[in-house]
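This report concerns only the one structure given below.
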Amino acid sequence: MVKDPDGLDLSGLLDVIEREMAAAPGRLQWQMNTTLAHIGIENPELRARAVAIGERLRVLEDYPTSPGCTSPYAPTWIAEMVARAET
């Protein structure tokens with residue numbers, strides 16, 4: 001997804017993530033969350049949908065994050081990386 005997104009159905013991936021991420025086992029949930037964040041970071045046209053999915057599912061919202069590090073909670077992660085890219 002990150003290295004070669006050409007040809008991927010990103011909207012379809014968001015459908016799967018939205019439907020399955022909350023109940024997915026730990027490692028799969030982490031990977032789905034990472035995919036959700038990267039879709040939101042790299043695709044402005046899908047960003048609002050990615051953030052909305054993250055806000056609704058709240059996966060990793062309470063994950064402990066060290067000071068100065070970016071949270072893996074997708075809405076926070078997306079906002080931080082987009083803000084960094086704009087500076």
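The values are calculated or read from the model by the stated rules, or taken from the named source; none is laboratory data. Note that the structure is predicted; figures quoted are calculated from it, not measured. Positions of Cβ are backbone-derived with ideal geometry, glycine not excepted, and every protein chain shown enters the neighbour counts.
Restricting attention to the range 51-80, the residues being closer than 18 Å to residue 26 by Cα, assigned to a loop (DSSP other than H, G, I, E, B) and among the small types (Gly, Ala, Ser) number 1. If the condition is being basic (Lys, Arg), modelled with pLDDT of 95 or more and not in a helix (DSSP H, G or I), then the range 1-32 contributes no residue at all.
Residue 41 falls short on exactly one of the conditions (1) surrounded by fewer than 15 Cβ atoms within 10 Å (Cβ to Cβ); (2) within 22 Å of residue 16 (Cβ to Cβ), and that condition is (1).
Evaluate the following for residue 87: is it among the hydroxyl-bearing types (Ser, Thr, Tyr), modelled with pLDDT under 95 and surrounded by fewer than 20 Cβ atoms within 10 Å (Cβ to Cβ)? Taking the combined requirement at face value, the residue satisfies it.
Residue 80: among the charged types (D, E, K, R), loosely packed, with under 13 Cβ neighbours inside 10 Å and free of Cβ contacts under 8 Å to residues at least 40 places away in the same chain, yes or no?
Numbers: among the charged types (D, E, K, R): yes; loosely packed, with under 13 Cβ neighbours inside 10 Å: no; free of Cβ contacts under 8 Å to residues at least 40 places away in the same chain: yes.
Judged against the criteria, residue 80 is not a match.
Can you find even one residue in the range 23-34 that is out of contact with any strand residue (DSSP E or B) (no Cβ under 6 Å at 6 or more places or on another chain), exposed (fewer than 12 other Cβ atoms within 10 Å of the Cβ) and either among the β-branched types (Val, Ile, Thr) or under 25 Å from residue 86 (Cα atoms) (or both)? Checked the range 23-34: no residue is out of contact with any strand residue (DSSP E or B) (no Cβ under 6 Å at 6 or more places or on another chain), exposed (fewer than 12 other Cβ atoms within 10 Å of the Cβ) and either among the β-branched types (Val, Ile, Thr) or under 25 Å from residue 86 (Cα atoms) (or both).
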